[in-house]
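Here's the structure we're looking at; comments come further down.
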Amino acid sequence: MGKDNILQVKDLHVTFSTYGGTVKAVRGVHLHLKKRETLAIVGESGCGKSVTSNAIMRLIPNPPGKITKGQILFKGTDLTKVSEKKMRSIRGVDISMIFQDPMTALNPTLTIGTQLTEGLRQHHKNISRQNAKEKALEMMEIVEIPNAMERFKQYPHQFSGGMRQRIVIAMALICEPELLIADEPTTALDVTIQAQILELFERIQEKTGISIILITHDLGVVAKIADRIAVMYAGKIVETGTKRDIFYHPQHPYTKGLLHSVPRLDLEGETLEPIEGTPPDLFSPPKGCPFTARCPYAMEVCNKVFPVHTKLTKSHEVNCWLQDERAKQTLAEVAK
Amino acid sequence: MNGKMLQVRQLKKYFNLGKDRYLKAVDDVTFHVYQGETFGLVGESGCGKSTIGRTIMGLYHKTAGEVIFNDKDVHQLKKEEKTSFHRQMQMIFQDPYASLNPRLTVREIIAEPMEVHQLYRYKQEQNDKVFELLEEVGLNRDHANRYPHEFSGGQRQRIGIARALALDPEFIIADEPISALDVSVQAQVVNLLKNLQKEKGLTFLFIAHDLSMVKHISDRIGVMYLGNLVELTASNALYDNPLHPYTKALLSAIPIPDPDMEEKRERIILEGELPSPIDPPSGCVFRTRCPVAMDICKIEKPTWQEIEQNHFVACHLYKKQEQHTPKVTIGMKK
C-alpha cells in the first residue's frame, strides 16, 4: 500500500446494539483511495455501505452504534482515535459529505447564502462577511447555478431538486476538502437531472483534484464516473477492482448476479437472471461467506469458513472459495 | 394484433388549486392498449404518468376526454358495471411498505377483495384460493398467517401482486411496482410479472421512470413530458429510432452499465429543469429545454400524429407530411 493513498480503511467493524440484539453492520472492511480517484461502493440496501461512509466521517451515533475494531487512516491519522474536537475540524475542511436527499439536507428556515457560508465562518473564524460571500458566489459559479447574486438571498423552497443538490455540493466543497463522500447523490433525482449532476462531478474533479467515494446501487452511474469499484455484501467487501475488472471480468458470483439482474437499454431480448432469495440477517451473520445461501456455486466450505482473500491482478481482489486451486481444478474437470 | 382493450382519448385531468388556477397533470393524452400486451408509460417525476393510471382506474375523476375499457366508458359506469369493472382491472402500487395494512395477516389482505366481491360462499374455498395465489407469486402457504412486517420488500411486493390477482383480473395497472426494491430483487419481481402474464394472458399498463426496465418488459412504450405524451412506439423502435428531442435526451441521459459504452457515448444534456405544470409553457411544453426549438414551438402546440406505422410523435420537426392523414388528432385548444 503506497504512500499516495489519501485514505486507507483497515479491518473496520461497526456494530449497533438494539433491543433485539447486536447488528453487525460492517464486518471487516478494507478500502483504500488515492488522490484524484473515484471509488464506488456498490451494494444493496442494508449491506453496510452507508455505515462505512458514516464511520469514515465519524458520524455513527454512539450509543447505539460503535466502531468496535479497525483503523481509518486519513493522510496517516487514525480517525477512529482522534478526539471529537479534532474531528470537528476535519469534517467539512478535509472530508466532506453529500447526502441522498437534497430536500432534507438543507435547513428550510435559513437562506442559501447563510447555509453556504456557514462552513467557512465555522472553520475560518476571522474571515470577513464580504470574503465569505465572495467565496460562496465563486462556489455557486463552479456548481453552475445561474444568477448567483440573486439566488444567494433565496430560501431552499425556491430551488428545484437538482438545484438544491448543486447547493449541497457547493456547501460540501466550500472549504476545499480533499475527500468527498457522496452517499447516493443522484438517487432522488430524475435521469436528465442526474446526467447534469454526474457531469458536474467530473468537471469538479478535473478542476480540484478531489478524491471521491461514491456510494450507490446504480451500476450505470458507476460505469460512468467510477475509477475503481468495491462490491459490498452483508457488511463485507466481496470484490474490488477497476471499473473494467468488475464489469468485464467479474469473479464473485454476487457481482455477476448484480450485473445480470439489471436490464440494459442497448440490448434487446435479454433475459434477466435475478439473484434468488434475500440477504442474510446481520443480527447473526453466517460464519462463512454471507452469500452462500443465494449462491448457485455454493460448496460445503462456503458455509463454514469465510473465503480467503485472493489477489487476481494488481488491482483486482476477490473473496471467494471458487478462486481456490482445488475448486478451479474440479470445475475444469466438470467442464470437460 | 389483438383488439384494443383500453382506449384513452384526449384525457385531461386538472387539479383545481383554487383562485382559478389549475395544475394540468394530464393534458390531452390519447393512446390505446392492446389485449395481452405490456404497455409502458415512462417519464420523469411529475410528468403525470401516475395520474393517468389512477384516472383510468377511476380513482380520480377526469376533467375531460374518455377512458374506454372493453367498449365501455369507465367514468360512466352504472353501479353493477362498476363492480365488474373493478374485477377486471386491478392495480399494483409502488411502495410495498405503505400499500399493505400492517394490522391484517397476509391471508386477510389477499382475501379482502374476494370478500368485497363475495366470490366464495365457503371459507375453505377462499382459503384454497389464497394458498394458490401465494404459491403462484413464489411464496408458500405457511406465509398466510403472518403479518406484512415479517416480510422483506420483495416479498411484500409479491403479496401486493397476489392481492391484485385475487379477482382474476384481465388488466393490471402496475404503478412503479419495482422502484422501491433492491436491484437484485427488481429482476425477481419483473420475471414474476412476465411469467404471470404468459400464464394468465394478462394485459399490463406498466408505469415507471426507469426506461431500461420499461424497455425490457414492454411491447410498446409511451413517453410523457409535463402532462403530455410526446412519443409512442414499439419499445425497440423507441430505442433504435427515437424521434422526439425529449426521447433522445432521455435515452442518452440513462447511464449504461458498461464502461466502454459509457466512454463512447455522446450525451445530450438537457438545460434547466421541468417547468411547473401549473403554468406550463405555451405551444410545445418541451420547448423551454429543447435543443432544437423553433419559433413555431412557442405559438402552436404540436399535433399528435402517426409519423410511421405505429409510431406516434408530437413535435413540429415532423410536421411536413401533409398528404398523411393522422389517425388520431388531438391538440384542440380548450
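Please report the equivalent ellipsoid semi-axes of segment B:1-73, computed as sqrt(5 x eigenvalue) of the Cα gyration tensor, largest first, in whole Å.
Calculated on Cα positions only, the semi-axes equal 24, 14, 9 Å.
Could you tell me which Cys residues in chain B have no other cysteine's Cβ under 4.7 Å from their own Cβ, answering none if every one has a partner?
So far as the 4.7 Å Cβ criterion goes, B:C47, B:C290, B:C315 stand without a partner in chain B.
How big is the Cα convex hull of segment B:41-105 in projection, averaged over all directions, in nm²?
6.3
Antiparallel DSSP bridges in segment A:73-220: what percent, to the nearest 5?
For segment A:73-220, the DSSP antiparallel bridge percentage is about 15.
Which pairs, out of B:K24/B:K301; A:K85/A:K207; A:K34/A:K75; A:K133/A:K153; A:K35/A:K207; A:K224/B:K264, put more than 19 Å between their alpha-carbon atoms?
A:K85/A:K207
For the pair B:E125 and B:K82, how long in nm is the line joining their label points, each one 7 Å along Cα→Cβ?
2.6
Restrict the search to segment B:119-163; then list the chymotrypsin sites (Phe, Trp or Tyr not before Pro) that DSSP places in a loop and that have at most 12 other Cβ atoms within 10 Å of their Cβ.
B:Y122
Using the structure shown, select from B:K4/B:K129; B:K62/B:K215; B:K123/B:K215 the pairs with a Cα to Cα distance greater than 32 angstrom.
Result: B:K123/B:K215 exceed 32 Å.
How big, on average over all directions, is the shadow cast by the Cα convex hull of the protein assembly as shown, in nm²?
Convex hull of Cα atoms, orientation-averaged projection: 34.3 nm².
Using only alpha carbon pairs under 8 Å that are at least six residues apart, calculate the relative contact order of chain A and give it in whole percent.
Here the relative contact order equals 19 percent.
Name the residue, out of B:V183, B:V106, B:V313, whose mean-square fluctuation peaks in a Gaussian network model built on chain B with Cα pairs under 10 Å.
Evaluated over chain B, the most mobile residue of the options is B:V183.
Compute, for segment B:20-150, the length of the dipole vector about the Cα centre, with Cβ point charges of +1 (Lys, Arg) and -1 (Asp, Glu) only. Units Debye, rounded to 20.
Computed about the Cα centre, the dipole is about 380 debye.
At q = 0.09, 0.19 Å⁻¹, what is the log10 ratio I(q)/I(0) for segment A:1-157, with the Debye formula run over Cα points and no solvent?
-0.39, -1.23
Which one, B:Q35, B:S152, B:Q186, is farthest towards the positive end of the dipole of the protein assembly as shown when Lys and Arg carry +1 and Asp and Glu -1 on their Cβ?
Toward the positive end, the furthest listed residue is B:S152.
Straight-line reach only, C-alpha to C-alpha below 16 angstrom: list the lysines that A:K287 could link to, leaving out same-chain residues fewer than 8 apart.
A:K24, A:K236, A:K304
Size of the dipole of the protein assembly as shown about the Cα centre, Lys and Arg at +1 and Asp and Glu at -1 on the beta carbon, nothing else charged, in debye to 20?
So the dipole magnitude of the protein assembly as shown works out to roughly 1720 debye.
Counting Lys and Arg as +1 and Asp and Glu as -1, each charge on the Cβ, what is the dipole of chain A about the Cα centre in debye, to the nearest 20?
The dipole of chain A has a size of about 1360 debye.
Starting from the Cα of B:K200, step 7 Å along the direction of its Cβ; do the same at B:R267; then give the gap between the two resulting points in nm.
The two pseudo-label positions are separated by 4.1 nm.
If you average the sequence gap of Cα pairs under 8 Å that are 6 or more apart and divide by the length of segment B:183-303, what percent do you get for the contact order?
16
What three numbers, in Å, describe the spread of the alpha carbons of segment B:186-245 along their principal axes, ordered from the longest?
The Cα atoms of segment B:186-245 stretch 37, 23, 20 Å along the principal axes, largest first.
Would you work out which of B:A249, B:Q90, B:V106 lies farthest towards the positive end of the dipole of the protein assembly as shown? Charges go on Cβ: Lys and Arg +1, Asp and Glu -1.
Most positive-ward Cα: B:V106.
Measure nothing fancy, just the Cα-based angle from helix B:183-200's long axis to the longest principal axis of chain B, in degrees from 0 to 90, nearest 10.
80
Would you compute, for the Cα atoms of chain A, the largest minus smallest coordinate along each principal axis and list the three values in descending order, in whole Å?
73, 50, 42
Please identify the helices of chain A, taking whole runs of DSSP H, that span at least 27 Å along their own axis as judged from the Cα atoms and have a mean Kyte-Doolittle score of -0.5 or higher.
none
Using a 10 Å cut-off on Cβ to Cβ distances, tally the other chain neighbours for every residue of B:247-256 and report the average as a whole number.
Neighbouring Cβ atoms belonging to other protein chains average 5 per residue here.
Bins of 10 Å, beginning at zero and ending with the bin holding the largest distance: percent of Cα pairs per bin for chain B, please.
Distribution as computed: 5, 24, 32, 24, 12, 3, 0 percent.
Tilt of helix B:106-116 relative to the longest C-alpha principal axis of chain B, in degrees (0 to 90, nearest 10)?
So the helix axis and the longest Cα principal axis differ by about 80 degrees.
Among the aspartates and glutamates, which fall within straight-line cross-link reach of A:K328, defined as a Cα-Cα distance under 16 Å, with same-chain neighbours fewer than 8 residues apart omitted?
A:E300
What order do you get for A:192-198, A:264-270, B:275-281 when each peptide is scored by the mean count of other beta carbon atoms within 10 Å, highest first?
Ranking, from highest mean packing down: A:192-198, B:275-281, A:264-270.
Return the tail of the calculated pair distribution for segment B:180-311, meaning the percent of Cα-Cα pairs more than 19 Å apart.
Percent of Cα pairs beyond 19 Å in segment B:180-311: 59.
Over all distinct alpha-carbon pairs, what is the Kirkwood Rh of segment A:90-214 in angstrom?
14.4
Can you tell me which of B:L165, B:L104, B:L211 moves the most in a GNM of chain B? Springs connect C-alpha atoms under 10 Å apart.
B:L104
For B:G40, enumerate residues with amide H under 5 Å from its amide H, sequence gap 5+ or separate chain, H modeled in the peptide plane.
Amide H to amide H, under 5 Å and 5 or more residues apart or across chains, B:G40 pairs with B:F206, B:D219, B:R220, B:I221, B:G222.
Among the DSSP beta bridges whose two residues both lie in chain A, what percent are antiparallel, rounded to the nearest 5?
65
What FRET efficiency do you get for B:E135 and A:K311 if R0 is 45 Å and r is their Cβ-Cβ distance, rounded to the nearest 0.05?
0.50
All of the numbers you see were taken from the coordinates with simple rules; none came from a lab. Predicted, not measured: the structure shown is a model, and the values here were computed from it. Note: ideal-geometry Cβ built from the backbone for every residue, glycine included; neighbour counts use all protein chains shown.
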